[in-house]
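Student: The structure follows.
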Amino acid sequence: MAEQSLSGLTEQQAKEFHEQFKVTYTAFVGLAALAHLFVIAANPWW
Amino acid sequence: MSDVAKPKNPEDDWKIWLVVNPATWLMPWLFAVLVIAIAVHWVVFAVGLGWHA
């Protein structure tokens, strides 16, 4: 039984998934920031 | 337990996937994010910061 990770993913799979995760998460944060800027422009909450 | 190497982030961020399997947990996480987002919008509208605040 080779050394297996807790999740069952190999190092290569984990790194590969993480690359996609970073891309998608960056897009999510970007879109959220944009949405907040629109709200600030239209209707600041302070 | 003290001799466990401390992670160096963000270089070691990917190691989370050696502990958490995204095939199992990615969708539950995304639904949790959705629930939080709905809750935040609900509060923001409830306190009157809606479209015509």
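Where a number appears in this text, it was derived from the coordinates with a stated rule and is not lab data. Owing to the predicted nature of the structure, the values given are computational and were not obtained by experimental measurement. Cβ: placed from backbone, ideal geometry, glycine included. Neighbour counts: every protein chain shown.
Student: Step by step: first the residues of region B:1-17, then only those that are outside any loop (DSSP other than H, G, I, E, B) and charged (D, E, K, R), then the one that is farthest from the chain's Cα centre (by Cα). Which residue is that?
Tutor: B:15
Student: Same structure, new question: Does residue A:14 meet the test of being touching a Phe, Trp or Tyr at 6+ places or on another chain (Cβ under 6 Å), assigned to a helix (DSSP H, G or I) and not hydroxyl-bearing (Ser, Thr, Tyr)?
Tutor: yes
Student: Further question on the same structure: Quick check: is even one residue across region A:32-46 part of a loop (DSSP other than H, G, I, E, B) and within 15 Å of residue B:16 (Cβ to Cβ)?
Tutor: no
Student: Note down all Cβ pairs under 7 Å where the first residue falls in region B:21-49 and is within 30 Å of residue A:13 (Cβ to Cβ), the second is part of a helix (DSSP H, G or I), and they're at least six residues apart or on different chains.
Tutor: Pairs found: B:22/A:17.
Student: Continuing with the same structure: Taking the condition in a helix (DSSP H, G or I), surrounded by 10 or more Cβ atoms within 10 Å (Cβ to Cβ) and either at the interface with chain A (Cβ under 9 Å from one of its Cβ atoms) or among the charged types (D, E, K, R) (or both), does residue B:40 pass?
Tutor: no
Student: Follow-up. Select from region B:18-32 the residues that are over 16 Å from residue A:22 (Cβ atoms) and either surrounded by fewer than 10 Cβ atoms within 10 Å (Cβ to Cβ) or within 13 Å of the chain's Cα centre (by Cα) (or both) and list them in ascending order.
Tutor: Result: B:25, B:27, B:28, B:31, B:32.
Student: Could you grab me the full set of residues in region B:12-37 that are over 23 Å from residue A:46 (Cβ atoms) and away from chain A (no Cβ under 11 Å)?
Tutor: B:27, B:28, B:31, B:32, B:34, B:35
Student: Do we have residue B:5 as loosely packed, with under 11 Cβ neighbours inside 10 Å and out of contact with any strand residue (DSSP E or B) (no Cβ under 6 Å at 6 or more places or on another chain) here?
Tutor: Criteria met by residue B:5.
Student: Further question: Note down all Cβ pairs under 8 Å where the first residue falls in region A:1-20 and is within 7 Å of chain B (Cβ to nearest Cβ) and surrounded by 14 or more Cβ atoms within 10 Å (Cβ to Cβ), the second is in a loop (DSSP other than H, G, I, E, B) and β-branched (Val, Ile, Thr), and they're at least six residues apart or on different chains.
Tutor: Every condition considered, the pairs that remain are A:5/B:19; A:7/B:19; A:7/B:20.
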